[in-house]
Amino acid sequence: MVFTMNDFVAYPSRGRIVAMMLGCAVFVGLGAWFAGLVDALPAPDRYSAAWTATVGWACMVLFGLFWALWVLSLFDSRERVRIGPNGVRTAQWSNDTIPWSEIAQVSVWSSYGQDMIILHLRDRSRYPPRGLASLIAGMNRGLSGGDVWISLTATNRSFEEAMEAIRVFRPASDSA
């Protein structure tokens, strides 16, 4: 895909969000089974019944929370990511566009077949995360070495399109 003067913009994809909700619901159901709420507690061979029940409850709470977050995002039609000549804005991180001059490096982090764009900022204190991103920013930095994670998981655009937009819009002197 070749970009001209138009910014790359990714919006939520309702179909992908529903798929994520279904995946979360499966894990909540498995958690309920492990916790012994749906059927007889599975007879664990390797782990105690208490440990299996604890894992079940943890799955229900964690994936139930994720499910609720996906439900909220189902009704949010605002843009998630914008990449253009002015820089990068990701709604998951902040309301501000991070100018290319503040992005020292762009890298990719992959986990379980999921690719994410990682922005390494020159001064991370100038663009602090908000909301949930502020709670997990340290963990993300520890895993990837970068500051801003951009996931296109539940959007209408692909990782490859976003990387092409970065190649097109990022000034050549800033490319690493």
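The values are calculated or read from the model by the stated rules, or taken from the named source; none is laboratory data. All values reported here derive from a predicted model rather than from experimental measurement. Neighbour counts run over all protein chains shown; Cβ positions are idealised from the backbone, glycine included. To get the accessible areas, we keep the full protein, side chains included, count just its heavy atoms, and leave off ligands, DNA and RNA. Shrake-Rupley method; radii C 1.70, N 1.55, O 1.52, S 1.80 Å.
Considering each residue of region 82-92 in turn, none proves to be of a type in the set (Val, Ile, Thr), surrounded by fewer than 15 Cβ atoms within 10 Å (Cβ to Cβ) and in contact with a strand residue (DSSP E or B) (Cβ under 8 Å, 6 or more places away or on another chain). Scanning region 56-80 for residues that are open to solvent by less than 50 Å² (accessible area, probe 1.4 Å) and either among the β-branched types (Val, Ile, Thr) or closer than 22 Å to Gly15 by Cα (or both) yields a count of 9.
Would it be correct to say that Ser77 is within 19 Å of Val18 (Cβ to Cβ), out of contact with any Lys or Arg (no Cβ under 7 Å at 6 or more places or on another chain), in a helix (DSSP H, G or I) and at pLDDT below 90? In short, no.
Counting only residues that are of a type in the set (Asp, Glu) and at pLDDT below 90, region 138-176 holds 2 of them. Being touching a Gly at 6+ places or on another chain (Cβ under 8 Å) and among the charged types (D, E, K, R) holds for only one residue in Glu102, Glu79, and it is Glu102.
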